Structures are given as structure tokens and as C-alpha cells.
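**Student:** Next up is a structure, given as C-alpha cells.
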Amino acid sequence: MRILFLTKYGQLGGSSRYMVHQYLEYFERAGLVCTVSPLFDDRYFTLRTTDKPPSMSEILRHGVYYFIRMIRRLQDLLKVTYYDLVVFDKELIPYLPYGLELLLAQRQPNCVALYDEATYLYYQHHPSPVIRVLTRGKIERILRTVKHVIVWNELLAQYVSQFNSRVSIVNPAIDLRRYRLAERRNSPLDGKPVVIGWIGTPNSFKYLRFLEPVFKILSERYPVELHVVSSMDYFSPYIRVVNKRWSLETEIEDLCQFDIGITPLGLDEWSRHKSGVKSVQYLGVGIPVVSTPGGINSVIVRDGYNGFLAITLDDWERALAKLIENPNLRHHLGQNGRQMAETIYNLEKVAERLIAIFQEVVRS
């Protein structure tokens, strides 16, 4: 079977990496002949610095790059008949109206769309009225057009099923061959700082800021640090922050410096539809997780088994304090989390499910 993957990003783009790139080895081992054509390759992430407003030269470089990559995507559409299946990541070109996806389906009916988040909400609430008009109903039309939809949580499946009955749910997954168990077991009694860790994009810094009152209380009571792995620095007036630049090569080592992993989120619909990969990464290195409940995070994080669920600031303070004070509890919950990662969120097992879905789409 020949498959063309039209991803949004190359390896450095988190969503495309966790939905497509990390599975390619298993796909090819199963006899699938895979071609991957990202809309934005890895050079996209070097076009501008993210910690300051874009310069005019950066804007121009970005514009030229975007135009060239759109032409490349259009060229891809001319080749889809050479493949048995086409799989694309959310949409063919962001911010453009619906239409290319219909052309794709007409040229190659065996097409599958992948969603790890509520892209429709992003467009519905976009600050630009022009973008809202251009993309009105776009995702819903895509869902009706494609032969099959794969999503990464139950809430997305419920939404998709309104427009397409052929929807499959897969678990988020990580490559456990890369993940080793964290060995840190720091304790306030030893005077060593307990590390509260977070990994993510700067767009989610707002969730960390929600916890600032908690960081203030904890830092006054215990020796603690906040480690942030991202593409920009995070600053806090209340807790010592150690910023680490994210890279694919160092992310596991950075995760292993955490004693506790946190996944603060909003209680809104967008947050409930997220894929939960961050929490799964914490399980992978065997550390306990404290997360906002809702959506798939309420499934990944089992309260009292591999971590704790927290809604209010008081909830967060109690959960983090309990873990800070008790390294043995952290170890026990972390071991449970690693076991869950091995049995449920294992890359190889999820790859087998994706392969079965692809084969069924082509057969049907």
C-alpha cells in the first residue's frame, strides 16, 4: 500500500510528529510505502525569533516561504492518484477557505483526516474577522468530505460524528525506547530543591500564570524550582525558574530532571479537546502528574494512582505539597504511570491500530 502523508509540519512540529512522523518506522515495517510531504518543513521554525516582535525582514522571509510552500502543496495534489491512500493533518492549507480538500477527495477518494485538537474552535474564535469569515464552516465541510477521520480523544470523536460516522479514536503515544525513568527523588528534608516541571509552547504560558499564587505559597514553604521546557523563557516573580530550550535531542533528558510534571489547563472547550501528550510524556519518564481534569487528561491521570487532578488553586496547592513532602509517594505514583505508558500509550501498539485503520479504509 502506498500512502501519501500531507502533514502540516516536519519533525519539529509537535502535532505532526505525534500524529504521523513517529509512526513511520512501524508503518514501513508493516509493508506500507510512505511518502511524507509537510506543508511547513523544519526550516519554518528558524524563520523568526519568537521572543520579540517580528522584524520586517522576518515578515518578508516568512511570506516568501509561505508562498513557496503553498505551491508545493498544490503540486502534491496533482500526484495523489499515484497513491492508494492520502492522509492529511487537519487541513491542506491553513487560513484558506474550504475547497482544496474537496479537490483532493475527487482525485483520490481514499483520504483520511487527522485531528488532535479542536481546530474548528480555533477558527470560530480567531481574533481576525477576516479569518473567521474565510474559514467559516471549513472544518465541518472537511469532515463531511473525507472517507475517514482519526482523532486522539473521545470528545473530538463526539464532535466529528455529527458530520462523519466513520471516525476512529486512537490513544496518544510515545516512543518508550527514548524514555528512561527519572532518577531524581529530591526531598525538602535534604535541602535539595524539588523540581516542578512543565513542557509546552509559549501559547500555553497563560496556564502556568494561573498557578503563580500556588508557586508563591510553595516557594515560601519548601525548596522548589520550576523547570520550563519551551521555545521561549518563562518568568515568575515568586519561584525560581530554570528555562530549557526545547529540542528533540534533549527533551527526554530535560523531562528526567523533573520530580513532578504539571499539566494546568483551562476549563473551556478548547482545553478539554487537547490530546494529552504532555501528561503521557510525564508518565513515560516515571514521574507523577498533577493535571486539570477534563477531556482525555481525566483518563490519562488517575487521581491517586499516577498523580492527582486539581481544579482550584487550593487543589493545586494540596496536591503539589503532598508530592513535594513525600518522595516515596512520588516514586510509587511514577512507577504506576510508567506501567500505564507501557500498556496503553505505547507507540508500537498505537501504530498497529493506525495500520489496521488505513488498511480498512482502502479495502472498503
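**Student:** According to the square roots a ≥ b ≥ c of the eigenvalues of the Cα gyration tensor, what is the shape class of the range 111-165, taking rounded for a/c under 1.5, prolate for a/b larger than b/c otherwise, and oblate for the remainder?
**Tutor:** Working: a/c = 2.45, a/b = 1.68, b/c = 1.46.
Prolate.
**Student:** Related question: Pick from Leu24, Leu320, Leu265: which residue has the top mean-square fluctuation in a GNM of the chain where Cα pairs under 10 Å get a spring?
**Tutor:** Per the Cα network of the chain with a 10 Å cutoff, Leu24 tops the list.
**Student:** Another question, if that's okay. Looking only at Ser16, Ser37, Ser57, which one moves most when the chain is put into a Gaussian network model with springs between Cα atoms under 10 Å?
**Tutor:** Per the Cα network of the chain with a 10 Å cutoff, Ser57 tops the list.
**Student:** Please state the relative contact order of the chain as a whole percent: Cα pairs under 8 Å, 6+ residues apart?
**Tutor:** Details: 661 pairs, mean separation 55.0, N = 364.
It comes to 15 percent, rounded to a whole number.
**Student:** Determine, for each peptide in 209-216, 88-95, 25-32, 3-10, the mean count of other beta carbons within 10 angstrom over its residues, then list the peptides with the highest first.
**Tutor:** Numbers: 209-216: 17.9, 88-95: 20.1, 25-32: 14.5, 3-10: 22.6.
Result, highest mean first: 3-10, 88-95, 209-216, 25-32.
**Student:** Within 10 Å of each residue's Cβ, count the other Cβ atoms and sort His227, His125 from fewest upward. Each step should come with its number before you reach the end.
**Tutor:** On the way: His227 22, His125 11.
The most exposed by this proxy come first: His125, His227.
**Student:** Which whole-number percent gives the relative contact order of the range 188-343, counting Cα pairs below 8 Å spaced six or more residues apart? Please list the in-between numbers first.
**Tutor:** Details: 276 pairs, mean separation 33.2, N = 156.
Once divided by the residue count of the range 188-343, the mean separation gives 21 percent.
**Student:** How much FRET efficiency would the formula 1/(1 + (r/R0)^6) give for Leu313 and Arg2, where r is the Cβ-Cβ distance and R0 is 56 Å, rounded to 0.05? Write out the running numbers ahead of the final one.
**Tutor:** Details: r = 53 Å, r/R0 = 0.94.
In this case the efficiency is close to 0.60.
**Student:** Follow-up. If a paramagnetic tag sat 7 Å from the Cα of Thr81 along the Cα-Cβ line, which residues of the range 101-115 would have the backbone N under 20 Å from that point?
**Tutor:** 101-112
**Student:** Per DSSP helix of 4 or more residues, -39500 (n - 2.57); summed, then divided by the residues of the chain. What does that give at 222 nm, rounded to the nearest 500?
**Tutor:** Numbers: 17 runs with 153 residues, N = 364.
Mean residue ellipticity at 222 nm (helix-derived): -12000 deg cm²/dmol.
**Student:** Using 0.36 nm per residue of separation minus the Cα-Cα distance, give me the extension gain between His126 and Arg144 in nm, one decimal.
**Tutor:** Numbers: separation 18, 0.36 × 18 = 6.48 nm, distance 2.24 nm.
Difference between extended and current length: 4.2 nm.
**Student:** May I pose another question? GluC sites (Glu not before Pro), restricted to the range 168-260: which are DSSP loop and have at most 16 other Cβ atoms within 10 Å?
**Tutor:** For GluC sites (Glu not before Pro) across the range 168-260 that sit outside H, G, I, E and B with at most 16 neighbouring Cβ atoms in 10 Å, the list reads Glu183, Glu249.
**Student:** Also: Per the Debye formula with a single identical scatterer at each Cα and no solvent contribution, what log10 I(q)/I(0) holds for the chain at q = 0.08, 0.14 Å⁻¹?
**Tutor:** Reported log10 I(q)/I(0), two decimals: -0.42, -1.22.
**Student:** Bin width 5 Å, origin at 0, all Cα-Cα pairs of the range 188-343: what percent of pairs per bin?
**Tutor:** P(r) for the range 188-343, in whole percents per bin: 2, 10, 20, 24, 23, 15, 4, 1, 0.
**Student:** May I pose another question? So which lysines pass the test for Lys138, namely a Cα distance under 26 Å, with those fewer than 8 places away in the same chain ruled out?
**Tutor:** Excluding near neighbours in sequence, the set is Lys8, Lys79, Lys90, Lys147, Lys274.
**Student:** Taking R0 as 51 Å, what FRET efficiency do you get between Val64 and Glu342 from their Cβ-Cβ distance, rounded to the nearest 0.05?
**Tutor:** 0.65
No value in this document is a laboratory result; all are computed from the given coordinates. As the structure is a prediction and not an experimental result, all values here were calculated from the model. Cβ: placed from backbone, ideal geometry, glycine included. Neighbour counts: every protein chain shown.
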